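The structure appears below as structure tokens.
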Amino acid sequence: MSIKIAPSILAADFANLQRDIEMVNQSEAHWFHIDIMDGVFVPNISFGMPVLEAITKHAKKTIDVHLMIVDPDRYIKTFADLGSNILTVHYEACNHLHRTLQAIKAEGMKAGVALNPHTNVSLLEDTIKDIDLVCLMSVNPGFGGQSFIENTYKKIAQLKEIITRNGASTKIEIDGGVTDKNASQLVEAGADVLVAGSFVFRSENPLMTVSDLNKQVNS
């Protein structure tokens with residue numbers, strides 16, 4: 001299975017959003033990673049439904065939506081209608097995680113669960129077979145450009161063990177501080193999807209940056 005590269009649109013140039021979306025379309029990236037923040041669950045507000053609708057109109061690859069919001073159940077159908085392929089909710093924001101996962105799947109999307117850096121992966125033991133994707137936050141959620149948290153490697157290994165032991169097919173996504181300096185090590189630890197924001201969009205040649213990252217983890 002090839003490792004997926006998912007540029008994070010949070011790091012794109014919002015004044016040139018269509019240009020940056022076309023760049024991802026043309027690149028060797030596999031997914032669009034889109035962070036929706038409400039200013040309540042995380043101390044930042046990103047974009048909402050109209051911007052997501054505009055993105056999905058032009059995007060030609062998998063739409064991986066990461067909800068950093070309270071009470072995500074309210075919007076599951078809305079995000080399905082807007083063209084999301086994968087919808088990830090935070091464990092910390094869900095009172096009834098199993099019910100939320102079932103609701104996401106009922107709308108035809110893959111169901112993801114994100115964990116903040118302080119949240120133990122063992123909490124997913126009971127629902128792992130219902131989860132298509134676990135997004136491990138390797139920075140504190142809310143802002144791009146933060147430094148990678150080294151404890152993430154240990155969490156990947158622990159999560160991989162839970163997935164294997166339960167015979168689940170859950171993919172592991174890493175979100176935050178991913179660069180060419182840690183990508184290979186993350187994949188060796190068991191990561192399947194790498195979200196890269198600032199590293200891609202703030203590089204001199206984003207197309208080349210994505211290509212190099214892809215070669216590094218899939219060669």
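Please verify whether the stretch 183-203 includes one or more residues that are touching a Phe, Trp or Tyr at 6+ places or on another chain (Cβ under 6 Å) and over 11 Å from Ala29 (Cβ atoms). Yes, the stretch 183-203 contains a residue that is touching a Phe, Trp or Tyr at 6+ places or on another chain (Cβ under 6 Å) and over 11 Å from Ala29 (Cβ atoms). Screening Ser184 with (1) within 19 Å of the chain's Cα centre (by Cα); (2) surrounded by 14 or more Cβ atoms within 10 Å (Cβ to Cβ); (3) within 21 Å of Asp64 (Cβ to Cβ) gives one miss only, at (3).
Looking at the stretch 138-162, I want the residues that are surrounded by 17 or more Cβ atoms within 10 Å (Cβ to Cβ) and have a partner that is aromatic (Phe, Trp, Tyr) with Cβ atoms under 7 Å, at least 6 apart or on another chain. Which pairs are those? Going by the 7 Å Cβ cut-off, the qualifying pairs are Ser138/Phe148; Val139/Phe148. Residue count for the stretch 12-45, restricted to those that are small (Gly, Ala, Ser) and surrounded by 20 or more Cβ atoms within 10 Å (Cβ to Cβ): 3.
Residues that are more than 21 Å from Thr88 (Cβ to Cβ), of a type outside the set (Asp, Glu) and part of a loop (DSSP other than H, G, I, E, B) do not occur anywhere in the stretch 191-200.
Yes or no, residue by residue, for (1) in contact with a Cys (Cβ under 9 Å, 6 or more places away or on another chain); (2) at positive phi; (3) at pLDDT 95 or above; (4) of a type in the set (Ser, Thr, Tyr):
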position: Asp175; (1), (2), (3), (4): yes, no, yes, no
position: Val178; (1), (2), (3), (4): no, no, yes, no
position: Ser184; (1), (2), (3), (4): no, no, yes, yes
position: Val193; (1), (2), (3), (4): yes, no, yes, no
position: Ala196; (1), (2), (3), (4): no, no, yes, no
position: Phe201; (1), (2), (3), (4): no, no, yes, no
position: Val210; (1), (2), (3), (4): no, no, yes, no
position: Leu213; (1), (2), (3), (4): no, no, yes, no
position: Asn218; (1), (2), (3), (4): no, no, yes, no
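The set of residues in the stretch 95-123 that are within 17 Å of the chain's Cα centre (by Cα), more than 21 Å from Thr56 (Cα to Cα) and surrounded by 19 or more Cβ atoms within 10 Å (Cβ to Cβ) comprises Leu101, Val113, Ala114, Leu115, Val121. Taken over the stretch 156-176, the residue count meeting the criterion of being touching a strand residue (DSSP E or B) at 6+ places or on another chain (Cβ under 9 Å) and of a type outside the set (Val, Ile, Thr) is 6.
Name every residue in the stretch 127-181 that is over 19 Å from Ile69 (Cβ atoms) and among the aliphatic types (A, V, I, L, M), in order of residue number. Within the stretch 127-181, Ile128, Ile149, Ile156, Ala157, Leu159, Ile162, Ile163, Ala168, Ile172, Ile174, Val178 meet the criteria.
Right, Ala6: more than 23 Å from Asp81 (Cβ to Cβ), outside any helix (DSSP H, G or I) and in contact with a strand residue (DSSP E or B) (Cβ under 9 Å, 6 or more places away or on another chain) or not? Outline the logic, then answer.
Numbers: more than 23 Å from Asp81 (Cβ to Cβ): no; outside any helix (DSSP H, G or I): yes; in contact with a strand residue (DSSP E or B) (Cβ under 9 Å, 6 or more places away or on another chain): yes.
It is false that Ala6 is more than 23 Å from Asp81 (Cβ to Cβ), outside any helix (DSSP H, G or I) and in contact with a strand residue (DSSP E or B) (Cβ under 9 Å, 6 or more places away or on another chain).
The values are calculated or read from the model by the stated rules, or taken from the named source; none is laboratory data. Quantities reported herein were computed from a predicted structural model and do not represent experimental measurements. Positions of Cβ are generated from backbone atoms using ideal geometry, with glycine treated the same way; all protein chains shown enter the neighbour counts.
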